[in-house]
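Below is one structure; the comments refer to it alone.
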Amino acid sequence: MLYQLHEFNRALLRPLVSWSQASARMFSAPDSWLSHLPEANRVAANYELLYRLGKEYEKPAFAIDRVHAHGAELPVVERCALSRPFCNLLRFKRYADDAATLEKLKDDPTVLVVAPLSGHHATLLRDTVATLLRDHKVYLTDWIDARMVPVAAGAFHLDDYVAYMQDFIRHIGAAELHVISVCQPTVPVLAAVALMAAAGEPVPRTLTLMGGPIDTRRSPTEVNDLAATKPLSWFENTLVQEVPQNYPGRGRRVYPGFLQHAGFIAMNPGRHFMSHWDFYEKLCRGDLEDADSHRRFYDEYNAVLDMPAEYYLDTIRIVFQEHLLPRGLWQVGGRRVAPEAIETSALFTIEGELDDISGPGQTEAAHELCTSIPATRKRHLTVKGAGHYGIFSGRRWRNVVYPEVREFIRAHA
């Protein structure tokens, strides 16, 4: 019922949102006579703020069309390498006409970036992918909004997530592959590789786990405390909703994106309020460059997707409440997940010093689980002054983290 009410409110607001957008343009466009009236900037700012607070945010484009690699500016083409009902495996392919540059591109290591299925779209890792493309062939998991997946496609559990990771690794080819998982997928990625190793299959050359909940008993955050203190029935009865009739996935049980977004905002309401107030002030002053930076950030931040309810509840129970992976009790398809079975992959864990989502030590715990990997093939990095997003996006990612990741991959390629 809550989802239907949300959609009803959206429908009611749509005319007001469209009118606000048009009014903001009329009072700000240089060729409009209204923009020359006194206080036109302030009027336009009021309308645009109203528009952005009420509009629906669609999934942004990756918009990675060029990259500087091997001393040349190269075009990049995004294509789907493998499709599954709940996820597409994307390839960002670089092209070159020069034979020497082409040979260098062929020699670059292959990287699979596993994006989190935890609210935001995979486009949140745009900076991660664009940076990696300088020196690597890059694949990315692009999760599909569950409200767009028909019920006939079946349920999606955490076990299915693990199976997807195995399919993608096999499709690309494990022997020369390097896997980078960001946040939530560190758990299913470690499980997928452990199960492949135990079965005698080839495994990736390196695993880089970034800011993930391998063992949430260490330095628990507010996010961990909420998951641990509420019974599973609370999450199912309070947060799980059915997709309304106006979407292809009508009837599917999901954790809706709008509820997730409300949770994101509730973690730092003051910061978001001040950010929008600053945006309003910049528009009034005519500081259009900084205002555009605000737009780009919130176009990404406010674009959220629905998660399959089965997967969400599995994650709450297995990862945050029962801690089955670090306790050695997790079974996937009747097989125990044994990280100690991994012998040949090199392991790199990365954490942010100020991470308030995955606390310090939670990702590093993977080293204690992967007992068969020699110490010479293990590495850990704590990024000073970095929060959760800073380890995979922004200046610290590009200048501090990425050089370490690049060298780690090169050392084990």
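Bear in mind that the values in this text are calculations on the coordinates, not laboratory data. Because the structure is predicted, anything quoted here is derived from the model rather than measured. So basically every Cβ, Gly included, is an ideal-geometry build from the backbone, and we count neighbours across all protein chains shown.
Below is a table of values for the structure above.
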item	result
DSSP-assigned coil residues among chymotrypsin sites (Phe, Trp or Tyr not before Pro) in region 1-87, each with at most 16 further Cβ atoms within 10 Å	Y57
Protection proxy ranking of 101-112, 349-360 - average other beta-carbon atoms within 10 Å, highest first	349-360, 101-112
Burial ordering of W397, W143, fewest other beta-carbon atoms within 10 Å first	W397, W143
Cα Rg, Dmax, region 297-413, angstrom units	16.6, 44
Per residue, the convex hull volume that the Cα atoms of region 24-105 enclose (Å³)	170 Å³
Spatially near lysine pairs across the chain, Cα under 29 Å, sequence gap of 8 or more or different chains	13
Once the Cα gyration tensor of region 57-212 is diagonalised, semi-axes √(5λ) in Å	26, 20, 13
Region 285-325 - convex hull of the alpha-carbon atoms, volume per residue in Å³	103 Å³
The chain: projected area of the alpha-carbon convex hull, averaged over directions, in nm²	21.9 nm²
Relative contact order for region 1-108, counting Cα pairs under 8 Å that sit 6 or more residues apart, in percent	15 percent
Cα gyration tensor, region 308-372 - rounded (a/c under 1.5), prolate or oblate	oblate
Cα centre as origin, Lys/Arg/Asp/Glu Cβ charges: the chain dipole, Debye	260 debye
Ranking of H68, H178 by count of other Cβ atoms within 10 Å, fewest first	H68, H178
Stokes-Einstein D in µm²/s, Kirkwood radius over Cα pairs - region 154-283 at 20 °C with 1.002 mPa s viscosity	118 µm²/s
Note, ³J(HN,Hα) from phi for region 238-243, Karplus 6.51, -1.76, 1.60, rounded to Hz, x at Gly and Pro	9, 9, 7, 10, 9, 5
Convex hull of region 14-63 built on C-alpha atoms - directionally averaged projected area, nm²	4.3 nm²
Sorted largest first, extent of region 233-367 alpha carbons per principal axis (Å)	61, 42, 26
Gaussian network model of the chain, springs between alpha carbon atoms under 10 Å - residue of M307, M165, M26 with greatest fluctuation	M26
